[in-house]
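Notes to accompany the following structure.
The values are calculated or read from the model by the stated rules, or taken from the named source; none is laboratory data. Please read all numbers here as calculations on a predicted model, not as lab measurements. Glycine also receives a Cβ, built like all others from the backbone with ideal geometry; neighbour counts cover every protein chain displayed. Just the protein is used for accessible areas: all its heavy atoms, side chains included, with ligands, DNA and RNA removed. Shrake-Rupley method; radii C 1.70, N 1.55, O 1.52, S 1.80 Å.
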Amino acid sequence: MKQWKVVVTDYIENALDWEIEQFKTMENVTFEHYQLKQSPKAELIEKVRDADIIVVNMAAFDAEVLGSLEKCKLLIRHGIGYDNVEVPACTANGIRFAYQPDYCATEVAETAVALIMACGRKLFASLEVLKDASANQIWNFAPMGEVHRMFGQTLGIVGAGRIGGRVCRMMSNFGMRIMVCDPYLDERQKGALGLAQTYSLDEVLKEADIITIHTPLNDETRYMFDEPQFRQMKPQAILVNTSRGGVVNTAALAKALKEGWIGGAGIDVYEKEPPPLDMPLFDCPNATLSAHIGWMSVEAGWHIRYKIMDDIKACLAGQPPANTVNKEIDGLLGGKVYREV
Ligand SMILES: NC(=O)c1ccc[n+]([C@@H]2O[C@H](COP(=O)([O-])OP(=O)(O)OC[C@H]3O[C@@H](n4cnc5c(N)ncnc54)[C@H](O)[C@@H]3O)[C@@H](O)[C@H]2O)c1
């Protein structure tokens, strides 16, 4: 009987007890798990070199790491975004690369809506007003600045896929004008979201009062929000980012917030994670910051564990995973689902 080695390179769960119990029932599987998120590349390579199936959360799988894999048939990303994996190098090495696109889409959309509302209603600024009022036993609302009714404002959604689409549906009851910028939506997707038209990024930058970002991070979207974009936005505009930190130039955003080019920001994701203590957004009172918690819920946590186990079991049975990223691999394996090594 073929022996399989399954390796988890890094994980966000507190422990993998459930997975350990599952693999105990599979005599032909050896299971190893590590926390190699930021370990030296050599250590990562040493741990994964002879693995058949690899599950990765945040560890970086570049061409060198992927080229070192002697037996890997299936690499599974624990999550939606996969900017830590060099997809063409997976394909070049005959490795099928799977991800979990349906995981936590609702949770991230809820987080974006929470940040939109928190920034729009200045919830966190009001805590200081409350403390001050308690200390002095008199209300002083001046530090709140202007607060505008959200009803009637314009919401820009940049990227309307699984998460942005959900935000669009959730926010459609708030009485806001919604402008979607997503050049890749087809007519069916637009129809499903009830969109008569979509808009260019420039149009959204100029007209929206609140902009929420839901694109992947790739060469096209890296620093899509930089100084020239902030200069085009309205002075009271709010930027919300729950996608990937690299879509926004942090230094430029901090400058825009400090110099009043825009009014506020709600940020869940950072260029470097966790961000360093001197990350400039920490010095911006008009930035509402959360700790990359968009994905977080008990329900999403179990959803992804079950789905990854399903993908592993499918691979053991010679079947494809539920969602392959590098679909072009199908044409390269001579009709087989996985490479033979
Ligand atoms: N904060 C979190 O915890 C968390 C959790 C999961 C995912 N995410 C991130 O959320 C983002 C969106 O995920 P998703 O599942 O909705 O992805 P998706 O692929 O379903 O949707 C992305 C959309 O962006 C559009 N797009 C691509 N390039 C664009 C561009 N240049 N301008 C405008 N639109 C563009 C695509 O056409 C697509 O419709 C990803 O960056 C992902 O990494 C964050």
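Kirkwood analysis of the Cα pair distances in the chain returns a hydrodynamic radius of 21.9 Å.
One Cα centroid belongs to segment 112-138, the other to segment 72-88; the line between them spans 40 Å.
Reported to the nearest whole Å, the Cα centre-to-centre distance from segment 202-233 to segment 240-263 is 10. Taking the Kirkwood radius as Rh and the Cα radius of gyration as Rg, segment 257-341 has a ratio of Rg/Rh equal to 1.23.
All other residues with a Cβ under 15 Å from the Cβ of residue 211 taken together, and with Lys, Arg as +1 and Asp, Glu as -1, what is their net charge? Net of charged neighbours comes to -3. Accessible surface area normalised per residue over the chain is 49 Å², counting heavy atoms of protein chains with a 1.4 Å rolling probe. Relative to one another, the C-alpha centroids of segment 293-341 and segment 30-59 are positioned 17 Å apart. For residue 5, a cut-off of 21 angstrom between C-alpha atoms picks up these lysines, skipping any fewer than 8 places away in its own chain: 24, 37, 41, 47, 71, 73, 307, 313, 336. Among the protein heavy atoms of the chain, carbon and sulfur supply 53% of the accessible surface, probe 1.4 Å, non-protein parts ignored. Summing +1 for each Lys or Arg and -1 for each Asp or Glu among the other residues whose beta-carbon sits under 13 angstrom from that of residue 87 gives -2.
A simple count of charges around residue 301, restricted to other residues whose Cβ falls under 12 Å of its Cβ and scoring Lys, Arg +1 and Asp, Glu -1, yields -1. Just need log10 I(q)/I(0) for segment 1-156 at q = 0.15, 0.18 Å⁻¹, Debye formula, equal scatterers on the alpha-carbon atoms, no solvent, rounded to two decimals. These q points yield log10 I(q)/I(0) values of -0.83, -1.06. For segment 84-101, backbone phi angles converted through the Karplus equation (6.51, -1.76, 1.60; θ = phi - 60°) give residue-by-residue couplings of 8, 10, 7, 4, x, 6, 4, 4, 4, 9, x, 9, 6, 10, 10, 9, 10, x Hz, Gly and Pro being listed as x. Students often forget the sequence filter, so: which lysines lie under 18 Å Cα-Cα from residue 206 once same-chain residues fewer than 8 apart are removed? Counting by Cα, and skipping residues close in sequence, residue 206 has these lysines nearby: 234.
Normalised by residue count, segment 180-282 yields a Cα convex hull volume of 99 Å³ per residue.
Of the Cα atoms belonging to segment 63-219, the radius of gyration and Dmax stand at 21.1, 70 Å.
Axis angle, to the nearest 10 degrees, between helix 162-171 and the longest C-alpha principal axis of the chain: 30 degrees. Taking θ as phi - 60° and the Karplus parameters 6.51, -1.76 and 1.60, the scalar couplings of segment 45-52 work out to 4, 4, 6, 10, 3, 9, 7, 8 Hz in sequence order, x denoting glycine and proline. Put a plus charge on the Cβ of each Lys and Arg, a minus charge on the Cβ of each Asp and Glu, and nothing anywhere else: the dipole of segment 166-301 about its Cα centre is then about 300 debye.
Evaluating 6.51 cos²θ - 1.76 cosθ + 1.60 at θ = phi - 60° for every residue in segment 293-302, the Karplus couplings come out as 10, x, 6, 7, 5, 4, 5, 5, x, 6 Hz, glycine and proline recorded as x.
Excluding same-chain neighbours fewer than eight residues apart, the aspartates and glutamates reachable from residue 190 by a Cα-Cα span under 17 Å are 182.
Say R0 is 22 Å: what FRET efficiency, to the nearest 0.05, do residue 282 and residue 255 get from their beta-carbon distance? Don't jump to the answer; show the numbers that get you there.
Values: r = 14 Å, r/R0 = 0.65.
After rounding to 0.05, the efficiency reads 0.95.
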